[in-house]
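Have a look at the structure below, then the notes.
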Amino acid sequence: MAANAIRPARPEDQPAINDLIRRATLALASDDYSPLQLEGALESVLALDEMLIDDGTYYVLEVDGKIAACGGWSARETSLKGRALSGERRLDPSREAAHLRAFFVEPAKARQGLASMLLAHCEEQARAAGFKTLETGATMPGVRLYRSHGYRGAMTLEHAMPNGEKLRLAPMHKSLID
């Protein structure tokens, strides 16, 4: 694999990120969810939260200058009412967990360590911001990634989407304190 670079996502990256989210979801989550669930998720819970880009906490990983993966974290309260959206309230790092958000990888580059590189970067950034814990509502494909990096969580919940379908998610967390 050629040179990799992680950088903060910019507003002009949004079309490429949205395209990547769609392609990655349809290609890599189809073993875990039905086509209707995937379409509902793309229109709601998996849609890009632009506030992460504004906050500088959403990143792209480029391979040879092309976006091959994206993902980030948030220091804001997040609501999951149809769409996962950042709220105005900033989380208190001394007592609240930061939130991992929206990790996706180019299907042809899946399982080559790109998501792991982004995850390590996000953990570093959240730790530097004073957070002691990270949490996420992982999709089923995401569970495998997060478990392999020390995230824990045993239960799943069903998130109702606007199209009437339900999406199975797994709340997971990890301590950032060694």
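Averaging the Cα positions of each part gives two centres, and for the stretch 1-72 and the stretch 133-162 these lie 17 Å apart. Shown in residue order for the stretch 25-33 are the 3J(HN,Hα) couplings computed by the Karplus curve 6.51 cos²θ - 1.76 cosθ + 1.60 at θ = phi - 60°: 4, 5, 7, 9, 10, 5, 6, 9, 9 Hz (x for Gly and Pro).
Size descriptors for the stretch 120-178, from the alpha-carbon set: Rg then Dmax equal 13.2, 42 Å. Under 14 Å of direct C-alpha separation, and excluding same-chain neighbours fewer than eight residues apart, Lys109 reaches these aspartates and glutamates: Glu62, Asp64.
Note: relative contact order over the stretch 53-129, using C-alpha pairs below 8 Å and six or more positions apart, is 31 percent.
Extension gain, Leu36-His121: 0.36 nm per intervening residue step, less the Cα-Cα distance, totals 27.3 nm.
Among Glu50, Glu106, Glu88, the residue with the largest mean-square fluctuation in a Gaussian network model of the chain, with springs joining Cα atoms closer than 10 Å, is Glu88. Here the 3J(HN,Hα) profile of the stretch 10-16, calculated from phi with Karplus coefficients 6.51, -1.76 and 1.60 at θ = phi - 60°, is 10, x, 5, 7, 3, x, 5 Hz, Gly and Pro shown as x. In plain terms, the chain from Glu96 to Glu77 could stretch by 5.9 nm, reckoned as 0.36 nm per residue minus the Cα-Cα distance. Under 8 Å for C-alpha pairs, at least 6 residues apart: give me the relative contact order for the chain, rounded to a whole percent. About 22 percent, as a whole number.
Computed over the stretch 54-128, the Cα gyration tensor eigenvalues convert (square root of 5λ each) into semi-axes of 25, 14, 10 Å, ordered from largest to smallest. For Ala47 and Arg89, the difference between the fully extended length at 0.36 nm per residue and the C-alpha to C-alpha distance is 13.1 nm.
Here's how it looks for Ala9: its modeled amide H is under 5 Å from those of Tyr58, Tyr59, Val60, which are all 5 or more places away or on a different chain.
Along the stretch 97-105 the Karplus relation, 6.51 cos²θ - 1.76 cosθ + 1.60 evaluated at θ = phi - 60°, assigns HN-Hα couplings of 8, 6, 10, 6, 9, 6, 8, 9, 10 Hz to successive residues, with x for each Gly and Pro.
What would the Debye formula give as log10 I(q)/I(0) at q = 0.09, 0.10, 0.13, 0.17 Å⁻¹ for the alpha-carbon point model of the stretch 4-175, no solvent? At q = 0.09, 0.10, 0.13, 0.17 Å⁻¹ the computed log10 ratios are -0.27, -0.33, -0.58, -1.06. What aspartates and glutamates sit close enough to Lys132 to cross-link, taking a C-alpha to C-alpha distance under 19 Å and skipping anything fewer than 8 places away on the same chain? By straight Cα distance, Lys132 reaches Glu77, Asp92, Glu96, Glu123, Glu124, Asp178.
Values quoted throughout were computed directly from the atomic coordinates according to the rules given, and no laboratory measurement underlies them. Predicted, not measured: the structure shown is a model, and the values here were computed from it.
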